[in-house]
Amino acid sequence: MSLTFLAPLFLIGLVAVAVPVIVHLVNRERRNAVAFPSLMFLRRVPFKSVRRQRLRHRALFALRCLALALLALAFARPFLDRESGNATAGGGGPREIVVLLDRSYSMAYGDRWSRASAAAERAIAGIGGADRVTLVLFDHEATTAAGPTGDLAVVRAAITNARPGAGSTRYAPALAVAQQLTDRSERPRREVVLISDFQRAGWDGQELPKLALPATLTTVDVGDPATANTLVTGVDVSRDASDGVDRAIVAARLARQGDRAGVAARATLEINGREVEAKQVALPASGAMSVTFAPVPVPDGTTRGTVRVTGPPGDDRLSVDDAFHFVLAPAQVVSVLLIENPGAPANRTMFLPRALGIGDSPAFRVMQRQSDDVTTADVDAARVVILHGTGMPAGAPGDRIRTLVRGGGGLIVALGENTGSRAASGMTELLPGAVGEIIDRSPERGGTMGSLDRNHPALESFRGARTGDFTSARYLRYRALSPAGTDAVLGRFDDGSVALAERRVGDGRVLAFTSTFDGYWNDLPVQPVFLPLVQSLVRHAAAWTPQRASETVGSAMSVSDPAIRGELVAVTPSGERTRWSEEDSVRSLVLRETGFYELRDVGAVAASRIIAVNPDASESELGAFPPDELARAVSPPGSTAATATGTMTLTVAEREKRQTLWWYVLVLALLLLAAESLLSNRLSRAVRRDVALPDGKMNHA
Amino acid sequence: MFAGRPNDTGAGTSFIDPRVLAKIDNLELLARTVVEGFINGLHRSPNLGASMDFAEHRAYMPGDDLRRIDWRLFGRSDRYFVKEFEADTNTDLLLLLDVSASMDFGSNGITKLQYAKYLVSCLGYFSSRQRDRLGLVTFVDGIVNYVPPSARHLRIVLQTIARATASGQGSIDTALRQIAEFARRRQVIVIVSDLYDEPERVVRAVARLRNRGNDLIVLQVLDPAELDLPFDEASNFEDMETGESIPVVPGLLREQYRTLVQEHTATLARMMREERIDYALFNTAQPLDHALFAYLADRQRLSRIR
């Protein structure tokens, strides 16, 4: 236990003790001179002396000095730092100390990080030989940076090397680590020190891992009372190719958070690291706005884009979120080879190309061929092949289609009149089941779609309510299909017959629709659900995934790239490399830095894929919650509030507030001053009775 | 002997605070203000009216001698007029004003020198009205300024008084010795000083003039602080004339100091009286006109005015 001060600067006031000393000394030498006409009579008055005056005045002097010193002490707000006292005293047996140090990017605000590092240093200062320390750095995940160890130098080095990252605050992982460490420990005293800015965004009130007694939690709040932050919360990129040139229109959302007034800021758009446009914007206080840049032509290949916002110098103390990175990729096109039955009339083959001709995410390039004139080049250029009411083309094209499917391509088969069991025999290994006879539902005016597996990825776009009315279409005919046990049935008609089934072949997908897309066997093509259904099936068959303009720090993503079969390397924005060998079946990457990640073949120079990564915007919201709320949530359920909070010294200011020692010191100072007045009066009266030295000199102290 | 106090005022009469007088720069105006306030009706000069040379009529004022009313004029005008006569006088009035540094002391807004200046101005103006010849000597340890007596010297006297400043270490003995050398003619001599000297030496010096046939009036001017020593804080007291200083705790010395001062003034008064020298103590806290009024009335009562 040691005496600490909340406002140690007030101790400068101790200099005031010098005032009575100076007054004492000056008064001894300097006396007020009174001009008097004549000393004729005064000189005749006999003088007497005060011999005990000096001694008495010293007591008075000491009283005054003590009162002034206590006043200065009271203003310095003293308190007993029991925490550090415990640390240094080391009483009660060896300790297990877990220091949880928040390294989310909001800790880079102002001088938070230096304060947090200092707090971590303080937390481990004075650990004894038997004590053990673990330093856990956390943001959205927790990492043990040092320990458990009794070697202070190791922990100190880890604190020194630690830096705020780009992650967002999550308390649960850190507390889970703390819980494990304290639960495993056999030391009688277990202390968890949580150093954070206690952002509201970091804890939404959900259940947190609870510490078990005798573990205690000490929270150290390094947040700032008033904050200001200017940031780019997101970017929307829309494409415009109306005049034949692919242009991107970038609209950025800018926000200002915190307590300060609005500012004039500069928003810039950078394409491939070069500034192409700058705009002056007036950001409102605690508000957001949108700024749209002029359309920029999208170059070939993947383009890196960044929107930056720059506020007045010194205004924004958090720079991580001032830039938003994104990727401008060339428009994605899925090539579809539509193979029709030879001699099929145009009015039966027009629906699919039209349905696929609409849309740009992705765009579909449809090559319409008849089964007898399809070439291998056609198949090579396609990603998805649709066999519409026809069997597998004979010869090389058919083989190429099989290869395509096994290599990750897609095949959609619409079983029609001409896709009987004989025609289907050429693709038995591809079709999800055995093709049967035609089921004619025309006597009962057609059947309807009975059930759909809307959770299947192929029908994912219909997962939401009212996203597609499949019951309005009437199906007059369809073929029976008997799927194997490994095949997936996506939909059935109202009579239980299979309507849609899928089989995975190699890396590819084969979808079989037991009716047609031509309007003869059903009226599906004229139903509103036709277009999204067809596009959804083609996207699924092509294994198409939308390329996101940007990712968020903390997300893990698969980096499997069909184009890269060999060794793959990922280069982080800071230049670190991660390699995956050919044998690695799972290639995933956790994005921990902001900026652009590059994926490339080990031998290649150019990146095959660029991923833009931005910090989680919720971390930019710097509002804080009271640390004691979290402390209560973490405290053991059986413990009383007093036990829970009694051991938790929340912040230095709160510790001081609870003790209010300054009040007692101030009262003591006032009592001393009152005593000084009394003593001074008594001394004055005594002096009047008994004054002056025999030689006529007097003491006026 | 008169040693008036500020509250010792005549009923129904209002007196002028010395601090108010201090705001009047013109000494003649000041003297007139003070003198005119009480001279009519109170003071009956033996000279005024003793002559048979008619000077003028003036309106009767309460207090005027009824015998001096011009009844004939009353018969004609039905109003009371008093006849004034040109006074014959051959008396000189020599004002001796101490301008030593100690006179520059004042604790209540007016210094002793200022008060003394008003006093001699008033007396000068007063005697000038009586057609006396008026002269002035300012002195410290010797003569500083000398204006020889003349019936037309009022203005010069007042100007000299106005210009006088206090400085130097005074010695009334030396100064009066010099004055005695040229003041051979019998005259009324008024000495205004704080008389910081041994009573014996003061009286001896004054008596020297007295012995030459002069009518001596000694007016001692003292500040209330000099009489009471009202200071509280222990301080160094510095002599205004010598610069010498001694540490003093006034609270402890006050009673003894007062006793000494009272003994001093009493001794002066007693010795002056024995030498038939007119003596009065003026406290600068007193209204000047009241002090003059009281003093002159007293003097008249004792029939010592020439």
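Cross-link partners of B:Lys112 among aspartates and glutamates, defined as those whose alpha carbon lies under 12 angstrom from its own and excluding same-chain residues fewer than eight positions apart: B:Asp98, B:Asp104, B:Asp194, B:Asp223, B:Glu226.
3J(HN,Hα) couplings calculated from phi for region B:169-176 with the Karplus curve 6.51 cos²θ - 1.76 cosθ + 1.60 (θ = phi - 60°) are, in sequence order, 8, x, 8, 5, 5, 5, 4, 5 Hz; Gly and Pro show x.
Pairwise Cα distances in region A:465-562 exceed 20 Å in 50 percent of cases. Here is the list for region B:215-267: GluC sites (Glu not before Pro) lying in DSSP coil, each with at most 15 other C-beta atoms within 10 angstrom of its C-beta, are B:Glu233, B:Glu244.
Scanning residues 5 or more positions from A:Arg474 or on other chains, those with amide H under 5 Å from its amide H are A:Asp523, A:Leu524, with H placed 1.01 Å from N in the peptide plane. Remark: region B:118-135, residue by residue, has Karplus-estimated 3J(HN,Hα) of 4, 5, 5, 4, 5, 5, x, 5, 4, 6, 5, 5, 8, 6, 6, 7, 10, x Hz, where x stands for each Gly or Pro and the curve is 6.51 cos²θ - 1.76 cosθ + 1.60 at θ = phi - 60°. Considering only DSSP beta bridges where both residues belong to region A:175-300, give the percentage that are antiparallel (nearest 5). Antiparallel bridges: around 85 percent, rounded to the nearest 5. Near A:Ala499, the amide H atoms lying under 5 Å from its own belong to A:Gly491, A:Arg492, A:Phe493; only residues 5 or more places off or on other chains count, and H is placed 1.01 Å from N. Shielding of peptide B:254-260 by partners, expressed as the average count of other chain Cβ atoms within 10 Å per residue Cβ, is 3. Dividing the summed -39500 (n - 2.57) terms of all DSSP H runs of n ≥ 4 by the residue count of chain A sets its mean residue ellipticity at 222 nm at -7500 deg cm²/dmol.
Mean partner shielding of peptide B:105-114, defined as the number of other chain Cβ atoms within 10 Å of each residue Cβ, is 1. Taking all Cα-Cα distances within region B:101-172, those exceeding 17 Å account for 45%. Long hydrophobic helices in chain A, taken as whole DSSP H segments with a C-alpha length of 30 Å or more on their own axis and mean Kyte-Doolittle hydropathy at least 1.0: A:53-75. Both radii come from the Cα set of chain A: Rg as radius of gyration, Rh as Kirkwood radius; their ratio Rg/Rh reads 1.24. Mean per-residue shielding of peptide B:227-238 is 4, counting Cβ atoms of other chains within 10 Å of each Cβ.
Taking amide hydrogens as placed 1.01 Å from N in the peptide plane, the amide H of A:Val193 sits under 5 Å from those of A:Val98, A:Val99, A:Leu100, A:Thr218, each at least 5 positions away in sequence or on another chain. Among A:109-119, B:275-285, A:673-683, the peptide with the highest mean count of other Cβ atoms within 10 Å heads the list, and the full ranking is B:275-285, A:109-119, A:673-683. Each residue of region A:568-581 is assigned a 3J(HN,Hα), and the resulting list reads 10, 10, 10, 10, 7, x, 8, x, 6, 10, 10, 10, 10, 7 Hz, derived from the Karplus form 6.51 cos²θ - 1.76 cosθ + 1.60 (θ = phi - 60°), x at Gly and Pro.
The numbers here are math on the coordinates, done by the rules we state, and not lab data. Quantities reported herein were computed from a predicted structural model and do not represent experimental measurements. Cβ: placed from backbone, ideal geometry, glycine included. Neighbour counts: every protein chain shown.
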